[in-house]
Amino acid sequence: MDTIAGLFSFITTPVSWIIVQFHSLYGAVFGPDSGWAWGLSIVSLVILIRICLIPLFVKQIKATRGMQALQPKMKAIQERYKNDKQRQSEEMMKLYKETGTNPLSSCLPILAQSPFFFALYHVLANIADGKTIGVLNQQLVDSAREAKIFGAPIAAKFMDSSEKVAALGASLTDVRIVTAVMIVLMSLSQFYTQRQLMQKNVDLSVKTPFMQQQKMLMYIFPVIFAVMGINFPVGVLVYWLTTNVWTMGQQMYVINQNPTPGSKAQDQYLTRLLKHATSHGEVKGRGKKKTVAAIVAKGPDRNDIERKFITALSKQGLAAQADGSVIKSSEATADADAASGGAAKRQQPKRQTKSKRQTPSKPSPKK
């Protein structure tokens, strides 16, 4: 881990500078040597990084949905060229290029965050050894070494020896209890985030190997975090727990506001939207109108959930419009009539042929 962290030492100066700036702010409130001042500085570093990564998160969502949509085509290519791996790879790349999908886009937030993660690990490892690093001078290093979160120094690890923990002014029991609790919370938050994605935000109408892979990752990732966590300093555990909670909340927001088409989350969202539309007689909010407009634009390509939504609106006497608004069905009918030139116009009698007009009509017989 120290070797990997050393590879990202070039970014330790900006990371340490950001931490020092936040520490000066929180230190004025909690005291410069307080564990809360240093702990909140790390939390604030995470929040700052994650805010900067929001555009990448949006790309990740689009890439993940794009990959889900491509799964049936990818499976067909694999079956068609199962004996020709090179042709299979070429067809896959061609499919990605045609659809503008990049499989690596789903990993962008993690890849972009990795340098900051390992740089923080490098900073905390030096603090534990009492060495200056980046913009952290000896006074700040000594202050950080003495800072404790629930009795555990921010530079201590679960696997540290009792002598090393004692040198940081703490007990091994406190360190192991705090780190164990944080590792469990870190793993649980990771598991819940993946479980939430699988149960609510996956297109249930498409059964593909991608879903099985995601299900496996739901159980594998928490185990990986738990194993790696015993070698993380308390400060890094604070960092990773915070980023997991942020991811969980961010994903929860996306699932509630912009669910994957065909998923359980979309069904729940459109149920709420239907209730909103029927109670107000209109759709309020740009995001809601955008959703309705997208469903209208799909036409016959709507999935079962979207068709159910349009039908339910109709039963309530409402009709969805192309601009995302909803109007009463009677108004929609009137608008359609006006657009077609007026269906209620008086019907003109059929014009007789010239021969029929010239033939005299027979007089009716007298009674």
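Computed values, structure above
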read-out: Out of Gly299, Gly317, sole residue that is in the same structural domain as Thr278 (by TED's automatic domain parsing), in contact with a helix residue (DSSP H, G or I) (Cβ under 6 Å, 6 or more places away or on another chain) and at positive phi; value: Gly317
read-out: From the options Lys308, Lys328, Lys284, Lys290, residue that is at pLDDT 90 or above and more than 30 Å from Met159 (Cα to Cα); value: Lys308
read-out: Single residue of segment 260-306 satisfying the filter (in a helix (DSSP H, G or I) and touching a residue at least 60 places away in the same chain (Cβ under 8 Å)) that is surrounded by the fewest Cβ atoms within 10 Å (Cβ to Cβ); value: Asp304
read-out: Residue match in segment 50-73 (condition: at pLDDT 85 or above and among the hydroxyl-bearing types (Ser, Thr, Tyr)); value: no
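The values are calculated or read from the model by the stated rules, or taken from the named source; none is laboratory data. For clarity, every value in this text was computed on a predicted model and none was experimentally measured. Virtual Cβ from ideal backbone geometry, glycine too; neighbours counted across all protein chains shown.
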